[in-house]
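Notes for the one structure printed next.
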Amino acid sequence: MMTINLQRRALLKAMMLGAGAMALPGRLLANAGSALHWQNWSGNQVASPEAMHFPMDEDALRQILKAASGTVRVFGGSHSFSGLVPTDHTMISLEGMSGMRRHNADALTASFGPGTRIGMASAQNWEIGQSFMNEPDINLQSLAGAVATSTHGTGTSLPSLSGMLAGMRLMTVDGEVLELSEADGDLFRAACASLGALGIVTELTFKNVPAYRLQDETRVMGLRDAMDLMEREHDKTRNLEFFAFPRGETAIVKITRTTDEPDTPPAEADSNELLELASDVSMKAPWLIPAIQKAVTFFVEEEIRRGPAHVIYAQKRSVPFNEMEYTVPLDKGLECLEEVCAKIRNDRMNVFFPIEFRYTAADNSLIGMFRGRPGASISVHQYHRQEYNTLFNAVEPIMQRYEGRPHWGKLHTMDAASLANVHPGLETFRTLRRQLDPQGKLLNAHLRHILGEPAA
Ligand SMILES: Cc1cc2nc3c(=O)[nH]c(=O)nc-3n(C[C@H](O)[C@H](O)[C@H](O)COP(=O)(O)OP(=O)(O)OC[C@H]3O[C@@H](n4cnc5c(N)ncnc54)[C@H](O)[C@@H]3O)c2cc1C
């Protein structure tokens, strides 16, 4: 999220160490309580399943599905904050079905195993002279997991991963494999953002573009200036986003364009130690938050990085947090963000982590966040050691008033009835899901809640 000016690190660290008591208990790890244990990236979702499987091919997966009793859930990189994955019955990882399988240089497509992490896939794309159209800000998610939740980056003309698909293989709970492409209409559109509720994806084919290199510029400025820049430049800049610090009224802006200029040297690894420290101090001494957020203009280094697209997209997120994100219609995004920031400021909320603000193009998925309309995504983060409900409960109604659609992989409180108001494709999705999995084998408690199916 931030690259810290190394010369200023020691000074800032000393200032903040003086500002707050530092001794915090270690991160609480959920007690497994059984031989098998799963938890997501931030630790807010846990499960102790009866069985966990790692099939290496479709035949092995089919056997597992045939033998499984109770709920079956697949997990990818376990980077979702919402309850899409956990079940106490059967959990399956397709990590063993990873890597590029084939590509077509004329059509600019590439097909991958579902467990391929974005980072591996984009590096393999590079080797064949292709790149993904866009990427999110980390690359540790699996391709199938990222597609299932419409994971996105930023760029007014660039779609989410759900909008980059040419085709896929989907295994139903009965073990039948469906080869899907745009010609399959609503079924393909549903599978492009499936929440893992329709079947198990065993291959994904992406529409790529010729390999490109990027220049990424980080600037720090006042929050108002960042909003004005976004409004003025978003349709002239390939990838534009900013991180807003509402209580300090500051922002970190990232401006990314294609380039032919030479690569910059690899950046010195940043441990994110100062971000952790700032979060710890803010949590314990909330009256310091405005001052610490103002100080980002001092300790965040303005820098330029250049290199292959997949190298420049990937960021490091080593300080855990929990997150809520809503996507509102693009032309309402800044107005909605202003209200969210005003709420955080007026209520003097105890949060140091910035709000990420991004634009994404419309896609044709049935229930993705960008279905049929370009979106402005507002991502609110809370430090992992802090209780997050106070913050999320305060800002969620604002984003809902702007016809916000929650990110499927992030925290929200919407149910099937309220989701139907913002997702015109939800009813068709539910019908298709019932046809593919009439017994609801793939439904855990969270999916039942958001899809309006009775509890098991
Ligand atoms: C640090 C961090 C940064 C993030 N940055 C971004 C970002 O920049 N943009 C953004 O949009 N989101 C972002 N996210 C959210 C993340 O991209 C999504 O939650 C994504 O779905 C996680 O992918 P995963 O591989 O970890 O999947 P998981 O969380 O493991 O699973 C997600 C869903 O995919 C399903 N699934 C997985 N594999 C399959 C399969 N083979 N077949 C069918 N269903 C399957 C699961 O059942 C589940 O429903 C971020 C999350 C974190 C923790």
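The values are calculated or read from the model by the stated rules, or taken from the named source; none is laboratory data. Quantities reported herein were computed from a predicted structural model and do not represent experimental measurements. So basically every Cβ, Gly included, is an ideal-geometry build from the backbone, and we count neighbours across all protein chains shown.
Only helices (runs of 4 or more DSSP H) whose full extent lies in segment 373-453 are considered here, and the ones with at least 3 residues that are under 30 Å from V281 (Cβ atoms) are 389-401.
Do you know which residues across segment 385-399 are within 26 Å of T360 (Cβ to Cβ) and either buried (at least 18 other Cβ atoms within 10 Å of the Cβ) or touching a strand residue (DSSP E or B) at 6+ places or on another chain (Cβ under 6 Å) (or both)? Break it down into steps so the answer makes sense when it comes.
Taking segment 385-399 and keeping what is within 26 Å of T360 (Cβ to Cβ), we get 388, 391-399.
The answer is Y388, L391, F392, V395, E396, I398, M399.
For segment 419-430, what are the residues that are farther than 13 Å from A191 by Cβ and either modelled with pLDDT under 95 or in contact with an Asp or Glu (Cβ under 9 Å, 6 or more places away or on another chain) (or both)? Hits for segment 419-430 are A420, N421, V422, R430. Every condition in (1) in contact (Cβ under 8 Å) with a residue 60 or more places away in the chain; (2) more than 13 Å from the ligand (Cβ to nearest atom) is met by I367 except one, and the failing one is (2). Of the residues R238, R224, the single one that is of a type in the set (D, E, K, R), under 22 Å from the mean Cα position of the chain (by Cα) and more than 12 Å from the ligand (Cβ to nearest atom) is R238.
Across segment 250-287, the number of residues qualifying as at positive phi and free of Cβ contacts under 8 Å to residues at least 40 places away in the same chain comes to 0.
Checked across segment 167-188, the condition of being basic (K, R), at pLDDT 95 or above, over 30 Å from T87 (Cα atoms) and within 16 Å of the ligand (Cβ to nearest atom) holds for no residue. Residue pairs whose Cβ atoms lie under 6 Å apart, sitting 6 or more positions apart in sequence or on different chains, and linking a residue in segment 134-152 that is over 15 Å from R358 (Cβ atoms) to a partner that is within 7 Å of the ligand (Cβ to nearest atom) and of a type in the set (S, T, Y), are A148/S194.
Kindly indicate the residue of segment 363-372 that is in contact with a helix residue (DSSP H, G or I) (Cβ under 9 Å, 6 or more places away or on another chain), part of a loop (DSSP other than H, G, I, E, B) and not hydroxyl-bearing (S, T, Y) and also farthest from G83 (Cα to Cα) among those meeting that condition. Before you say what the answer is, go through the steps one by one.
Initially, segment 363-372 is screened for residues in contact with a helix residue (DSSP H, G or I) (Cβ under 9 Å, 6 or more places away or on another chain), giving 363-371.
Cutting the leftovers down to part of a loop (DSSP other than H, G, I, E, B) gives us 364-370.
Next cut, not hydroxyl-bearing (S, T, Y) only: 364, 366-370.
On the way: N364: 25, L366: 21, I367: 17, G368: 17, M369: 17, F370: 21 Å.
Out of the qualifying residues, it is N364.
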